[in-house]
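What follows is calculated from the coordinates using simple rules that are stated; it is not laboratory data. The structure displayed is predicted, hence computed values, not measured ones. Using ideal geometry, Cβ is built from the backbone for each residue, glycine included, and neighbour counts are taken over all protein chains shown.
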Amino acid sequence: MKLKLGMIGGGQGAFIGAVHRIAARMDNEYELVCGAFSSDAEKAKASGLLLGLSPDRVYTSYQDLIEKEKQLPEDKRVQVISIVTPNHLHFAPAKLALENGFHVILDKPMTFSLAEAKELEEVVKTSGKRFCLTHTYTGYPMVKEARQLVKDGKLGKVRKVYVEYPQGWLSTFLEGEENKQATWRTDPTKSGIAGAMGDIGTHAFNLAEYISGLLVTKICADINTVVKGRKLDDDGAALLKFNNGASGVLIASQIAAGDENNIKIRVHGEKGGLEWQQDNANTLLLKWLDKPAEILRTGAGYLSSYATSNTRVPAGHPEGYLEAFANLYRNFALSIKADIEGKQAEKEWLDYPGIEDGIRGMAFVENVIASGKSDAKWTDFKI
């Protein structure tokens, strides 16, 4: 049984829509049956035609999609709605979809503001529907392995976390060249109060809390807008304090000329540390206080069930960004199917980002920007 999937946003010219559709197709758990790909009627129709959808299920607004799909018989009606619009168009369609009985997959950051995130949290709770937030990097097998190693106490008590996300694509005033991706991501009316920290800093923050199992309680940030004329931050760093007393450093920059998307994390405990980075995603490096370092590899039999259940091919075959994205889609689908069948979802399937990750992500955005504007050395992390 395939789950019937609908998409809001992600039409022609949109990068992330295609990524979501590839992720949804990879494990054959979904069938794309409808979409509201653009508010431009011609672009919406052209996108639907390109994707092979029936013209009567290609809509020009999310309201129209939700209203008309709800009226269809259950065997035809969409079940899961994927929302891949810019940040300012996350909350309203997600809220309406949940209120009308549809499961939701939402691109990050979750909403335009923390206030919206809190309201959406209440909607999720009362709807009884499942909600997934696409923090892609938690889908990597070796990221899941790292989380389990920390959780199992292999490193001892965590003392230090370093996480960085360097990009160089906004090193020039690209938004002045009518670049669609640059234009909305640097526009405060569409992106929110943060640029780099909202776009990629939230990924770094989520990865730090996911692997360490800790929660940030205090923050001390330096936020910069480097490129002349830009309206939002394009560079920044933050010192972090965690709820077990550990400290951390987070760096996010979109003006690191020459860098691509090599998000990287190191976690150090009393007994040793671990290191993972996206440009060598199949490898997890363990470094010990009293013995030689170890290299763990995706596909090996010695890994945890969380890593192996999110691996598709034998060891040595690279799995990357699209597969990590697909793991979120698959785990979400398997959890929904378990609900439909009246079964308990496997613990590995339930390991996908949800509403709490979204709340903390939006809290990070507001706290890191507030800290960057403050003269205080440390500010409390408020939700």
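Structure above, values below:
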read-out	value
Scope segment 288-309; condition touching an Asp or Glu at 6+ places or on another chain (Cβ under 7 Å) and in a strand (DSSP E or B); matching residues	Leu296
Residue that is surrounded by the fewest Cβ atoms within 10 Å (Cβ to Cβ) [pool: residues in segment 179-208 that are under 15 Å from Val161 (Cβ atoms) and touching an Asp or Glu at 6+ places or on another chain (Cβ under 8 Å)]	Ala204
Selection status of Asp233, among the acidic types (Asp, Glu), assigned to a loop (DSSP other than H, G, I, E, B), touching a residue at least 12 places away in the same chain (Cβ under 8 Å) and touching a Pro at 6+ places or on another chain (Cβ under 9 Å)	no
Top-ranked residue of segment 322-372 - restricted to ones that are more than 14 Å from Leu207 (Cα to Cα) and hydroxyl-bearing (Ser, Thr, Tyr), ranked as nearest to the chain's Cα centre (by Cα)	Tyr329
Within segment 205-229, tally of residues that are assigned to a helix (DSSP H, G or I) and without any contact (Cβ under 8 Å) to a residue 60 or more places away in the chain	1
Filtered residue count, segment 42-79, keeping only those that are surrounded by fewer than 17 Cβ atoms within 10 Å (Cβ to Cβ) and either hydroxyl-bearing (Ser, Thr, Tyr) or in contact (Cβ under 8 Å) with a residue 40 or more places away in the chain (or both)	3
Residue list for segment 90-116, restricted to those being small (Gly, Ala, Ser), in a helix (DSSP H, G or I) and either surrounded by 23 or more Cβ atoms within 10 Å (Cβ to Cβ) or touching a residue at least 12 places away in the same chain (Cβ under 8 Å) (or both)	Ala92, Ala94, Ala97
Hits in segment 5-34 (condition: out of contact with any Gly (no Cβ under 6 Å at 6 or more places or on another chain), surrounded by 16 or more Cβ atoms within 10 Å (Cβ to Cβ), free of Cβ contacts under 8 Å to residues at least 60 places away in the same chain and part of a strand (DSSP E or B))	Leu32, Val33
Any chance Asp259 is buried (at least 24 other Cβ atoms within 10 Å of the Cβ) and of a type outside the set (A, V, I, L, M, F, W, C)	no
Residue that is surrounded by the fewest Cβ atoms within 10 Å (Cβ to Cβ), among those in segment 337-364 that are in contact (Cβ under 8 Å) with a residue 60 or more places away in the chain and aromatic (Phe, Trp, Tyr)	Tyr352
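Quick grid of which residues meet (1) closer than 18 Å to Thr136 by Cβ; (2) in contact with a Phe, Trp or Tyr (Cβ under 7 Å, 6 or more places away or on another chain):
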position: Ala307; (1), (2): yes, no
position: Pro314; (1), (2): no, no
position: Gly320; (1), (2): yes, no
position: Glu323; (1), (2): yes, no
position: Leu328; (1), (2): yes, yes
position: Trp349; (1), (2): yes, no
